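Structure first, commentary second.
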Amino acid sequence: MAKFRERSAFDTSAANGYTLLPARFTRLAGDQYVATNMAGEYLLLPRPTLQAYVNGSLSAQDPAYDELKSRHFLMDADSDVAVDLLALKVRTKLAPLANFTGLHIFVTTLRCEHSCPYCQVSRANDNRTEFDMSEATALKSLDLVFSSPSPTIKIEFQGGESLLNLPLLRFIVAEAKRRNQVAQRNLAFVIATNLAVLTDEALAICQEHDILISTSLDGPADLHDKNRPRPGNDSHARAVEGIRRARTALGHDRVGALMTTTAASLPRVREIIDEYIGLGFGGIFLRPLSPYGFAIKTKSYQSYNQTRWLDFYFEGLDYIIELGLGGFEFIESYAAMILKKMLTPHQTSYVDLVSPAGIAIGAIVYNYDGTVYASDESRMLAEMGDRSFALGNVHENSFAEIMLSEALLEPLEQSFADSAPGCSWCAFEPYCGADPVFHHATQGDPVGKKPLSAFCNRNMAVFRGLITRMEADPRVRVLFERWANLV
Ligand code: SF4
């Protein structure tokens with residue numbers, strides 16, 4: 001018996017006057033289905049219309065016909081440029097791939113004066129200078145940075161607490177700028193810091209070299225201080241004071257903040273958002289806790305489940321939407337990045353929402369000891385003894401050896417969502433990413449079984465939630481279109 005039907009069985013063009021273009025669909029609610037094309041444009045269709053479209057029997061007089069045609073779900077004799085237009089849109093989305101590795105993360109030290117229980121990397125006490133990156137390692141890392149073909153290079157300093165190794169930070173900035181006189185890239189710097197040890201000297205370096213600050217802010221003082229213990233129990237006060245000083249020195253928009261969600265955050269999303277608004281931020285990134293490194297070891301990860309996080313997320317999202325409909329400009333960054341993929345021809349560069357995965361080709365990590373990791377999460381896995389995503393060492397390997405290593409290419413290829421089991425037929429694939437490190441960490445292989453994947457379940461719920469909200473209220477659609485163009 002033949003395994004597959006003949007090709008002619010799938011060709012609807014002769015009988016009905018149109019040809020299907022590649023599309024995927026899934027049920028949204030009731031008899032409403034969401035269909036997506038290769039470029040990520042979506043349409044909501046009632047089941048009978050979807051069925052007629054797929055069977056090739058949709059009448060050209062049906063109001064859905066023209067919509068399906070204009071969004072490249074079908075083509076007929078009048079639309080001979082449809083395939084070219086669709087190809088152009090797909091190419092626009094994938095164009096950034098050619099400029100790989102724009103974000104280069106330098107772990108300048110593991111030292112930190114905080115002792116956060118969920119900390120995802122091993123930290124060292126602030127007198128342990130053997131956990132500092134050396135100048136020799138920094139120079140070799142910069143060799144790799146400038147081997148990347150990306151016209152835009154962002155160097156981000158992380159730790160530990162990156163400001164505890166200020167002399168090296170200054171050294172790397174000066175050397176990168178010197179090399180860039182020849183390389184002529186669009187070069188930018190970011191310091192990820194908790195701001196607790198911010199000095200005037202550090203601010204002067206930021207001022208001189210136009211360096212952005214990215215800090216941590218988990219919410220109101222009691223929550224932030226509970227999440228981020230330090231001597232004096234004053235992490236929040238120091239962060240707020242640091243934000244004020246940095247804004248004064250560098251400008252309001254030169255300081256960003258990221259939150260970490262813990263079990264204690266879950267009932268307090270409105271307070272957390274209010275804290276960000278009170279401190280004058282233009283948005284918030286409601287992040288899930290990642291399952292890596294010490295977050296798993298300390299059992300913080302298991303302490304709340306996905307359903308609780310989704311309740312937290314949607315309560316926060318609806319609050320922000322309510323504020324937006326009332327005229328107050330404030331965005332939720334995760335939604336905004338997904339909406340960019342849904343509502344514009346462009347991609348986001350956020351590594352969790354791209355396929356092929358963002359490991360190494362989106363962002364790469366140079367550890368203090370010269371080890372090169374495919375991502376920050378890969379470094380956290382290595383701290384737990386799993387070096388699957390250690391790609392080499394700056395003292396031993398060239399850029400080509402690292403970027404062509406099996407440790408990188410194998411998971412990139414396997415996890416490519418367009419061909420991964422589960423994802424390849426998922427209607428939301430154009431909005432999603434491939435996260436081989438997450439699936440390796442949680443399921444032991446880079447692809448993972450998607451029905452069991454927290455990454456998949458979370459993303460699917462967010463995609464559905466965003467589409468449902470903007471389809472239910474045209475004002476939300478207008479708001480979301482604004483967000484999509486702000487990130
Ligand atoms: S991870 Fe899940 S939501 Fe994302 S594309 Fe794959 S199946 Fe779809």
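Helices (runs of 4 or more DSSP H) fully within the stretch 398-485 that include at least 2 residues being more than 11 Å from the ligand (Cβ to nearest atom) and touching a helix residue (DSSP H, G or I) at 6+ places or on another chain (Cβ under 6 Å): 436-443, 454-472, 474-484. Given the conditions (1) in contact with a strand residue (DSSP E or B) (Cβ under 7 Å, 6 or more places away or on another chain); (2) open to solvent by less than 20 Å² (accessible area, probe 1.4 Å); (3) more than 25 Å from I361 (Cβ to Cβ), and given that G160 satisfies all but one, which numbered condition is not satisfied? Exception for G160: condition (2).
Selection over the stretch 232-252 of residues that are of a type in the set (A, V, I, L, M, F, W, C), buried (at least 19 other Cβ atoms within 10 Å of the Cβ) and closer than 14 Å to E201 by Cα gives a count of 1. Whether a residue is open to solvent by less than 50 Å² (accessible area, probe 1.4 Å), away from the ligand (no atom under 16 Å from the Cβ) and not in a loop (DSSP other than H, G, I, E, B) was assessed, and A382 passes this test.
Scanning the stretch 411-425 for residues that are crowded, with 21+ Cβ neighbours inside 10 Å and in contact with a strand residue (DSSP E or B) (Cβ under 6 Å, 6 or more places away or on another chain) turns up nothing. Considering the conditions (1) surrounded by fewer than 22 Cβ atoms within 10 Å (Cβ to Cβ); (2) more than 30 Å from T129 (Cβ to Cβ), A357 is excluded by exactly one of them, (1). The conditions of being assigned to a helix (DSSP H, G or I) and among the acidic types (D, E) are met by D318. In the set (1) farther than 17 Å from R111 by Cα; (2) in contact with a His (Cβ under 7 Å, 6 or more places away or on another chain), the condition left unmet by N194 is number (1).
The values are calculated or read from the model by the stated rules, or taken from the named source; none is laboratory data. Just so it is clear, the structure is predicted and the values come from calculations on it, not from any experiment. Note that each Cβ is placed from the backbone with ideal geometry, even for glycine, and that neighbours are counted across all protein chains shown. Ligands, DNA and RNA are stripped out before the accessible areas are found, and what is left, the full protein with its side chains, is counted by its heavy atoms. Shrake-Rupley method; radii C 1.70, N 1.55, O 1.52, S 1.80 Å.
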